[in-house]
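Okay, structure first, notes after.
No lab work stands behind these numbers, since they all come straight from the coordinates. Here the structure is a predicted model, which means the values were calculated and not measured. Methodologically, a virtual Cβ is constructed for each residue, glycine included, from the backbone with ideal geometry; neighbour enumeration extends over all protein chains shown.
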Amino acid sequence: MSTQMLSNNTHTDKKILKSEDLPRHIAIIMDGNGRWALKRYLPRIAGHKAGVEAVRGVVESCAKKDIEVLTLFAFSSENWRRPEKEVGLLMELFVTALGREVNKLHKNNVKLKVIGDRLGFNARLQKGIANAEDLTKDNTGLVVVIAANYGGRWDITHAVKKLGEQIEAGEINAADITPELLDSALSLTEYPEPDLFIRTGGEKRISNFLLWQLAYTELYFTDVLWPDFNDAALEDSLTSFAGRQRRFGQTGEQVELKKGA
Ligand code: FPP
């Protein structure tokens with residue numbers, strides 16, 4: 001992809017991205033809620049609440065653009081280390097947001113999926129998650145994946161355990177293990193790998209997000225705090241993505257030749 005492939009809209013003079021330049025799968029670390037609140041002399045939870053509004057906006061934009069999958073890092077395996085009160089309030093927020101949004105998501109043909117160790121959550125949240133997944137399971141539009149109590153290392157360890165159990169049961173041999181087989185035991189195996197990773201809030205880290213699945217993903221970091229991540233901020237990330245040449249280990253010349261073929 002190149003910037004020449006961006007066509008101009010003569011009416012607004014705004015760059016419009018062609019659908020073939022858009023990522024199929026976007027994965028986001030939504031960082032900066034706490035700082036957003038602090039700047040306004042508000043409690044951190046007010047930042048998370050504003051973060052939910054930003055989630056709504058990004059889900060709507062991705063659905064409109066026919067993005068296939070949007071994966072959001074809502075709560076990492078490491079977030080349990082936060083003060084107990086913040087963890088409790090975050091859980092409440094998840095339950096409320098799920099209850100409030102799920103019918104609207106369903107009406108808009110959005111499929112909701114949660115990845116991560118859900119057994120770590122209380123029974124009410126586990127039930128809310130199961131209900132939301134069940135209600136939306138046959139929807140064919142945007143897939144919204146919420147990574148909750150998720151960690152990339154947890155995901156890989158969990159997959160290796162599953163394969164280990166299959167070896168113990170005599171179903172496969174150690175020699176059968178290939179990257180493809182390991183991938184099939186991981187979260188998100190049914191979806192294309194993320195094309196674009198976005199992290200808001202200024203930090204330039206992966207922070208134990210989708211470690212395996214991000215192998216060839218384009219990384220985009222922005223200082224915008226998550227509650228401020230609006231349509232314009234999303235457009236900026238998509239424009240940056242559209243200007244990159246994805247080589248997957250090949251040379252630039254090979255990629256250009258293949259495109260011309
Ligand atoms: C990081 O900001 C954000 C989180 C740990 C929670 C993210 C949760 C939401 C956006 C709300 C709910 C999401 C869904 C899907 C319903 P931070 O607290 O680390 O910010 P800081 O770095 O400024 O302190």
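Put the Cα centre of the stretch 203-261 next to the Cα centre of the stretch 128-200 and the gap is 22 Å.
Once Rg and the Kirkwood radius are both taken over the C-alpha atoms of the stretch 54-140, their ratio Rg/Rh works out to 0.97. Peptide packing: for 87-97, 149-159, the average count of neighbouring Cβ atoms within 10 Å per residue gives the ranking 149-159, 87-97, highest mean first.
Do you know the relative contact order of the stretch 80-139, to the nearest whole percent, from alpha carbon pairs under 8 angstrom that are 6+ apart? So the answer I get is 41 percent. Here the extension length gained between Asn173 and Glu53 equals 38.4 nm, from 0.36 nm per residue of separation less the Cα-Cα distance.
Using a cut-off of 32 Å between Cα atoms, the listed pairs Lys111/Lys258; Lys137/Lys258; Lys39/Lys204; Lys18/Lys137; Lys85/Lys113 include Lys111/Lys258; Lys137/Lys258 as exceeding that distance.
Net length available on complete extension from Asp117 to Arg35 is 26.8 nm, with 0.36 nm assigned per residue and the Cα-Cα distance removed.
Placing a label point 7 Å from the Cα of Asn139 along the Cα-to-Cβ direction, the residues of the stretch 85-124 whose backbone N falls under 13 Å of that point are 98-114. Over the chain, all Cα pairs binned in 10 Å intervals from 0 give whole-percent P(r) values of 6, 27, 34, 22, 9, 1, 0, listed from short to long. Packing-based ranking of 46-56, 178-188 yields 46-56, 178-188, ordered from highest to lowest mean Cβ neighbour count within 10 Å. Taking only the C-alpha atoms of the stretch 138-245, Rg followed by Dmax gives 17.1, 53 Å.
Averaged over residues, the count of other Cβ atoms within 10 Å places the peptides 116-127, 161-172, 63-74 in the sequence 63-74, 116-127, 161-172, highest first.
Rounded to the nearest 0.05, what FRET efficiency do Val87 and Ser240 give with R0 = 35 Å and r taken as the Cβ-Cβ distance? Could you check? Display every interim value, and only then the final one.
Details: r = 34 Å, r/R0 = 0.96.
Efficiency for this residue pair is about 0.55.
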